[in-house]
Amino acid sequence: MPAPRPPSAAVDAPLPPRERLLLEAMRLFGERGVDAVPTREICAAAGVNPGAIHYHFGDKDGLYAEVLRQPVQELKAQLEGFDDPALSLHESICRFLRPFLFEDDGCHGLLFFREMQAPSAVFMQTVAQEVGPLFDRFARLLARHAGLDEPTPALHQLAMGLQTMAHDYSMSRPLLNAFHPELLADDPQLEKTCVRLADWGCALVAYERERHAQPR
């Protein structure tokens with residue numbers, strides 16, 4: 001019988017201080033909000049000295065910007081290729097909406113829920129720089145399928161409205177289940193909901209196409 005191998009050092013090794021700071025900051029910010037959490041508490045929870053945030057991130061805003069960067073980068077990766085011209089409009093809309101139809105009971109979900117209620121300057125700057133261009137691409141996709149060279153204000157509203165519905169189905173699921181538990185009973189991953197939202201999106205794009213094709 002061969003001798004058991006010693007445990008891997010990589011498995012047992014603690015996370016680097018920078019990663020511990022990010023994990024604890026995400027947890028604490030999600031639980032209580034950014035303004036309510038002092039930097040000393042984050043450092044203590046991460047087991048690092050009080051100057052570690054300044055060393056790794058500059059200040060609390062720099063730490064928070066980096067905390068937001070990970071979920072934003074994950075979102076951008078999930079949305080990769082949603083506007084590929086080879087895709088149908090329906091599939092493109094599904095690909096864009098699917099990442100927003102999630103159930104996240106963890107720190108990311110709590111943090112983003114807080115920010116939707118009372119957005120901070122750091123959050124708005126991050127969203128404008130990183131997520132805003134994705135919505136512009138989505139609006140341009142809708143405009144292309146509506147036969148337009150550029151998105152109109154109505155198509156920008158449609159792009160935001162479709163995402164808002166997707167996000168609301170996810171965040172408001174307990175309320176939906178309380179009012180009409182049958183609506184999502186057979187749709188645990190919200191895949192059918194995603195398809196239905198894409199159906200509505202296609203119908204509204206067709207409406208915009210017809211409206212702009214009419215002589216004025």
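As a ratio to 2.2 N^0.38 Å, the alpha-carbon radius of gyration for segment 58-106 is 1.51.
A simple charge model with +1 on the Cβ of Lys and Arg, -1 on the Cβ of Asp and Glu and nothing else charged puts the dipole of the chain at about 200 debye relative to its Cα centre. When only Cα pairs below 8 angstrom with a gap of at least 6 residues are kept, the chain shows a relative contact order of 21 percent. Round to a whole number: what % of the accessible area of segment 29-107 belongs to carbon and sulfur, probe 1.4 Å? Carbon-and-sulfur percentage of accessible area, whole number: 48.
Solvent-accessible area per residue in the chain equals 59 Å², computed with a 1.4 angstrom probe and all protein chains kept. Shape of segment 80-216 from the C-alpha gyration tensor: oblate (a/c of 1.5 or more and a/b not above b/c, with a ≥ b ≥ c the square roots of its eigenvalues). Each helix, a run of at least 4 DSSP H residues, gives -39500 (n - 2.57); summed and divided by the residues of the chain, these come to -20500 deg cm²/dmol at 222 nm.
The values are calculated or read from the model by the stated rules, or taken from the named source; none is laboratory data. Being a predicted model, the structure only gives us computed values, none of them experimental. All Cβ positions, even for glycine, are placed from backbone atoms using ideal geometry, and neighbour counts span all protein chains on display. Surface accessibility is based on the protein's heavy atoms, side chains included, excluding ligands, DNA and RNA. Shrake-Rupley method; radii C 1.70, N 1.55, O 1.52, S 1.80 Å.
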